[in-house]
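Heads up, the thing below is written out as structure tokens.
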Amino acid sequence: MKLSRILLFTFLFSSLMVNAQEKEEIDSPVNRHTFSMDLGYAYRLSAEPNELFYNQTNNSDHYSTLRNGFQINFAYDYNFKPSLAFGFKTSAFTSNSTIAPDSIGGVERKDDMYIFYVGPTFKYISPIFYDKYTFYARATVGYFSLRNSEIKTAVNSSGQTVSQSSVYKGHNIGWGLDGGIDYSINDFLSLGFNIGFLGANISKLSFGEEKKDLNQSESLYRLDFSLGVRIKL
């Protein structure tokens, strides 16, 4: 009789403990915060530069080189549901190219281009498949800024190197879409591959104290291909 009571008490106590543990797992938010960093290659889709970029308009090979660049992205996502998240994204693109000294005057020309983006995001995350993989798609609308430095370097009659630079700046609202596949190493760390489309059109540039409306807008639209790491907390 005592043995039956002990077994019954043990069964009831075990059931209560299991139910409490299951309830705690359901109610406790797990991995709601995701921090991401991606590095990779970017290709600008624009067909031609605006009329103010002298080096680029006068040398098509130079312009073609500048359309290829390096990009780095940082993002934060808050998962308010298992498949939905909101957050923000920053993205930086850089590219540079140098034209060798020409035969007339021996002038070397160089462009350094920087494009920065920041904006809020909305993200869909698929259920896990093949035990380790998830797919995601993300949309964003935000702020773009452009900075391009044109540099001319030559040797004067005294044998001294003389440099002249012009800095052009512009900004506008842009948007983007991207998606990717993540591979989970554990509950807190995953690796991923990402493809994205991001851009805006710049219709006005400032240089020094002057501002000018462009006849040909500077297109910042580009394709991004990157690898990254995700930390989930």
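The values are calculated or read from the model by the stated rules, or taken from the named source; none is laboratory data. Just so it is clear, the model here is predicted, and its values are computed rather than measured. Heads up, the Cβs are rebuilt from the backbone with ideal geometry, glycines too, and the neighbour counts pull from every protein chain shown.
Taking the options 29, 82, 49, name whichever one is within 24 Å of residue 227 (Cα to Cα) and either modelled with pLDDT under 95 or in contact with a helix residue (DSSP H, G or I) (Cβ under 8 Å, 6 or more places away or on another chain) (or both). Step through it out loud before you land on a result.
Details: 29 fails: within 24 Å of residue 227 (Cα to Cα); 49 fails: within 24 Å of residue 227 (Cα to Cα).
The unique qualifying residue is 82.
Quickly run through segment 209-233 and pick out the residues that are part of a loop (DSSP other than H, G, I, E, B) and free of Cβ contacts under 8 Å to residues at least 24 places away in the same chain. Even if it seems obvious, please write down each step before you answer.
Of the residues in segment 209-233, the ones part of a loop (DSSP other than H, G, I, E, B) are 209, 220-221, 233.
Result: 209, single match.
Which of the residues that make up segment 95-125 are exposed (fewer than 15 other Cβ atoms within 10 Å of the Cβ) and either within 25 Å of residue 151 (Cβ to Cβ) or not aromatic (Phe, Trp, Tyr) (or both)? Lay out the reasoning, then the answer.
Going residue by residue through segment 95-125, those that are exposed (fewer than 15 other Cβ atoms within 10 Å of the Cβ) are 100-106, 120, 122, 124.
The answer is 100, 101, 102, 103, 104, 105, 106, 120.
Could you please let me know if residue 190 is modelled with pLDDT of 95 or more and closer than 16 Å to residue 90 by Cβ? Let's see the steps before the verdict.
Details: modelled with pLDDT of 95 or more: yes; closer than 16 Å to residue 90 by Cβ: no.
Spelling it out, it is not the case that residue 190 is modelled with pLDDT of 95 or more and closer than 16 Å to residue 90 by Cβ.
Can you tell me which residue is nearest to residue 217 (Cα to Cα) among those in segment 153-167 that are surrounded by 13 or more Cβ atoms within 10 Å (Cβ to Cβ) and touching a Ser or Thr at 6+ places or on another chain (Cβ under 7 Å)?
For segment 153-167, the residue satisfying everything is 167.
Would a scan of segment 185-204 turn up a residue that is free of Cβ contacts under 8 Å to residues at least 40 places away in the same chain, of a type in the set (Val, Ile, Thr) and not in a strand (DSSP E or B)?
yes
Give the residues of segment 197-218 that are surrounded by 20 or more Cβ atoms within 10 Å (Cβ to Cβ) and among the charged types (D, E, K, R), sorted by residue number.
218
Among the residues of segment 79-132, write down those that are charged (D, E, K, R), closer than 30 Å to residue 32 by Cα and touching a residue at least 24 places away in the same chain (Cβ under 8 Å).
89, 123, 132
Regarding segment 182-196, can at least one residue be identified that is under 30 Å from residue 54 (Cα atoms) and either surrounded by 14 or more Cβ atoms within 10 Å (Cβ to Cβ) or assigned by TED's automatic domain parsing to the domain that holds residue 39 (or both)? Reasoning before the result, please.
As a first pass, look at segment 182-196 and keep what is under 30 Å from residue 54 (Cα atoms): 196.
So of that shortlist, the ones also either surrounded by 14 or more Cβ atoms within 10 Å (Cβ to Cβ) or assigned by TED's automatic domain parsing to the domain that holds residue 39 (or both) come out as 196.
Yes, because at least one residue in segment 182-196 is under 30 Å from residue 54 (Cα atoms) and either surrounded by 14 or more Cβ atoms within 10 Å (Cβ to Cβ) or assigned by TED's automatic domain parsing to the domain that holds residue 39 (or both).
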